[in-house]
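Structure record follows, encoded as structure tokens.
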Amino acid sequence: TNVKLTCLFFSGNYEALPMIYKNGDIVRFHRLKIQVYKKETQGITSSGFASLTFEGTLGAPIIPRTASKCFNFTAEDQKMVEALRIWASTHISPSSILVKLCDVQPMQYFDLTCQLLGKAE
């Protein structure tokens, strides 16, 4: 719909948050509260919040990532994930979203994925 939705997730339990590994992942939210703050639509966690996350790559197995013990996932839901994968393949360019570390500006927010090479006691 070309409408931006900022989502804010807070939880004392890290495992309860959506398991998003890369741009293009597909997330289904349950009990996400929608509100307007400073003229911007945003989604925030509410009581009973849960999510299912799926890899967004075309042809990848449709395996939900979630901390929830119980959830419903129907054949109709599977068709929706497949349709969203097709949409994402033509609308999301992963390389255009990435920011090089040397291009980061002060006070800029960004996601950093890195490998831990060592840990000191």
- Note on the structure: Going through region 79-121 in order, the residues found to be closer than 30 Å to residue 62 by Cα, open to solvent by 100 Å² or more (accessible area, probe 1.4 Å) and modelled with pLDDT under 75 are 98, 111, 112, 113, 114, 115, 116
- Task: Of all residues in region 61-85, count the ones that are part of a loop (DSSP other than H, G, I, E, B) and touching a residue at least 12 places away in the same chain (Cβ under 8 Å).
- Result: 7
- Note on the structure: Counting only residues in region 7-21 that are open to solvent by 70 Å² or more (accessible area, probe 1.4 Å) and among the hydroxyl-bearing types (Ser, Thr, Tyr), the one nearest to residue 99 (Cα to Cα) is identified as 21
- Message: Which count do you get for residues in region 22-58 that are touching a Pro at 6+ places or on another chain (Cβ under 9 Å) and either touching a residue at least 40 places away in the same chain (Cβ under 8 Å) or open to solvent by 90 Å² or more (accessible area, probe 1.4 Å) (or both)?
- Response: 4
- Query: What are the residues in region 25-43 that are outside any strand (DSSP E or B) and more than 8 Å from the chain's Cα centre (by Cα), if any?
  - Reply: 38, 39
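The values are calculated or read from the model by the stated rules, or taken from the named source; none is laboratory data. Keep in mind the model is a prediction, meaning the values are calculated, not measured. When we count neighbours, we look across all protein chains shown, and the Cβ atoms used for this are built from the backbone with ideal geometry, even at glycine. Only protein heavy atoms, including side chains, enter the accessible area calculation; ligands, DNA and RNA are left aside. Shrake-Rupley method; radii C 1.70, N 1.55, O 1.52, S 1.80 Å.
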